[in-house]
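Taking it in order: structure first as structure tokens, then the write-up.
The values are calculated or read from the model by the stated rules, or taken from the named source; none is laboratory data. Computed from a predicted model, the values in this text were never measured in an experiment. So basically every Cβ, Gly included, is an ideal-geometry build from the backbone, and we count neighbours across all protein chains shown. Calculation scope for accessible area: heavy atoms of the full protein, side chains included, ligands and nucleic acids excluded. Shrake-Rupley method; radii C 1.70, N 1.55, O 1.52, S 1.80 Å.
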Amino acid sequence: MTRLLALAVVPAALLVGHLFYRPAPTTDAPGPPLTDPNSPGSPPSSGPPSCPAPLMLFTFDGADTAPWRVENDGVMGGRSEGFVEVADGTLVFTGEVVTEGGGFTSVRAASRADLSGYDGIELRVRGGGRTFELDVDDGTRNRGREVSRRGPVPTRDAWTTVRVPFDSLEETAYGEPVRVDPLDRSAVQSIGIYIIDGQDGPFRLEVDWIRAYRKAE
């Protein structure tokens, strides 16, 4: 009797196992085609947007180089002089600073750009150890006076890349600090480079390129 009961239980167990068994998914089944998220026609990504690449503002290796103009301290009775040229793929800014009177000279070029997705401007420079200043103009005026927004650009004898964050720019009007709205990054009009370091004597600055950057880069 016990032997017959055992024989009956085995087929029943096999039947129950068959009813509840589901085959595991096979890894050989074809899935959706893989696509490069950056290729044309790819579906939009659901993840966070990637940081924009650096945005080149000025290079000096082509015939379409933007015109850079010199602005000396003669408007203030100063005697400093600056000269600018593009040679061998670089911007070369030279001259002499005379601190008695004005004490500065600068170069500037138009650069209308929307930099609202960026954190600052970086330059690859070589300048013999003197400190220059980058000026970013968005057209802001204070009581009818032009507002200057500048940040330091230290240099060395060797080529170096220097970053000037937008939030580090100091605002002045004719040399006096002013309180104005933050830089409108979407309405940049021009970029300038000053030497106003309080040192008399000749200077030479070479600039390889100027571009906007993101901190995450």
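List the chymotrypsin sites (Phe, Trp or Tyr not before Pro) in region 156-193 that DSSP assigns to loop (not H, G, I, E or B) and whose Cβ has at most 12 other Cβ atoms within 10 Å. Which are they? Passing sites in region 156-193 are Y174. In loop segments of region 107-157 as defined by DSSP, the trypsin sites (Lys or Arg not before Pro) with at most 15 further C-beta atoms inside 10 Å of their C-beta are R143, R156. For region 138-217, the share of accessible area belonging to carbon and sulfur comes to 43 percent (1.4 Å probe, ligands and nucleic acids excluded).
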